[in-house]
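Peer 1: The structure's right below; bear with me while I get my questions together.
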Amino acid sequence: GENVEQHPSTLSVQEGDSAVIKCTYSDSASNYFPWYKQELGKGPQLIIDIRSNVGEKKDQRIAVTLNKTAKHFSLHITETQPEDSAVYFCAASPYNQGGKLIFGQGTELSVKP
Amino acid sequence: GAVVSQHPSWVICKSGTSVKIECRSLDFQATTMFWYRQFPKQSLMLMATSNEGSKATYEQGVEKDKFLINHASLTLSTLTVTSAHPEDSSFYICSARDRGSQYFGPGTRLTVL
């Protein structure tokens, strides 16, 4: 089955710097890759997603890149702000399995003012 | 994005009792909903896929007789934890798909004494 590895587990950056979180997946048939932000005690919030027919997607300060050949995808946050501090999860959706998501282990991002 | 609600947001119960958690899609219809479980500082683990009008599909290792799922309408899925024990204490989160993207509810914190 699908397996998703996420790195780093913790990331500390200075306000205004960029943050990059990377994930690799094992099932080459996976075709949907969302990223979620989770604040303490709350449910995950979808921040951006990408499908396997697209290499890059951007939404304001957030971008995701996908390399299907290498089976990895990355989240890029530019001009980080203290309110970006949270746990970020990547996920992969295996093809033809009803849309279920397999999650990475999470990255705790801390943005220092 | 689409909105998913959960009720209750937290519940405390005695060991041996049953607890029902509701998951609703507020502004869209969802033929498929998902139930996840999350322990502190860990990732989300898929428990089961809830299908409207049919039986749920459980992930390996999840007891279907303990975690009863009912998806009676296109906007409501319920998870009942039967004969709850302290080891069932966790954060339960549901999600639903809208136009290919998956949105999560705010979660339910279950504490079994």
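Peer 1: Under the rule a/c < 1.5 gives rounded, and otherwise a/b versus b/c splits prolate from oblate, where does segment B:65-113 land using the Cα gyration tensor?
Peer 2: Judged from the Cα gyration tensor, segment B:65-113 comes out oblate (a/c at least 1.5, b/c at or above a/b).
Peer 1: A follow-up question, please. Strictly under 4.7 angstrom between C-beta atoms: which cysteines of chain B have no such partner?
Peer 2: That list is B:Cys13.
Peer 1: With the crude spin-label approximation of a point 7 Å out along Cα→Cβ, what separation in nm comes out for A:Tyr95 versus B:Thr31?
Peer 2: 2.1 nm
Peer 1: Go through segment B:9-113 and name the chymotrypsin sites (Phe, Trp or Tyr not before Pro) that are in a DSSP coil and have 16 or fewer other Cβ atoms within 10 Å of their Cβ.
Peer 2: Sites meeting the loop and neighbour criteria: B:Phe28.
Peer 1: Using DSSP to define loop residues, name the chymotrypsin sites (Phe, Trp or Tyr not before Pro) in segment A:1-97 whose beta-carbon has at most 16 other beta-carbon atoms within 10 Å.
Peer 2: A:Tyr95
Peer 1: Scan chain B and report its longest stretch carrying no trypsin sites (Lys or Arg not before Pro) that are both in a DSSP loop and have at most 10 other Cβ atoms within 10 Å.
Peer 2: Looking at chain B, B:42-98 is the longest stretch - no exposed trypsin sites (Lys or Arg not before Pro) with at most 10 other Cβ atoms within 10 Å.
Peer 1: Moving to a separate point now. Going by amide H atoms built from the backbone, whose H comes under 5 Å of the H on B:Ala48, apart from near neighbours?
Peer 2: B:Trp35, B:Glu59
Peer 1: Using DSSP to call loops (not H, G, I, E or B), can you name the GluC sites (Glu not before Pro) in segment A:15-113 whose Cβ has at most 16 other Cβ atoms within 10 angstrom?
Peer 2: Here the GluC sites (Glu not before Pro) that fit, given the DSSP loop and packing criteria, are A:Glu15, A:Glu39, A:Glu79.
Peer 1: Let me check against my output: what whole-number percent is the relative contact order of chain B, with C-alpha pairs under 8 Å and at least 6 apart?
Peer 2: Reported relative contact order: 37 percent.
Read-outs throughout are calculated quantities, based only on the coordinates presented, and are distinct from any laboratory measurement. Being a predicted model, the structure only gives us computed values, none of them experimental. FYI the Cβ positions are ideal-geometry reconstructions off the backbone, even for glycines, and counts take in every protein chain you see.
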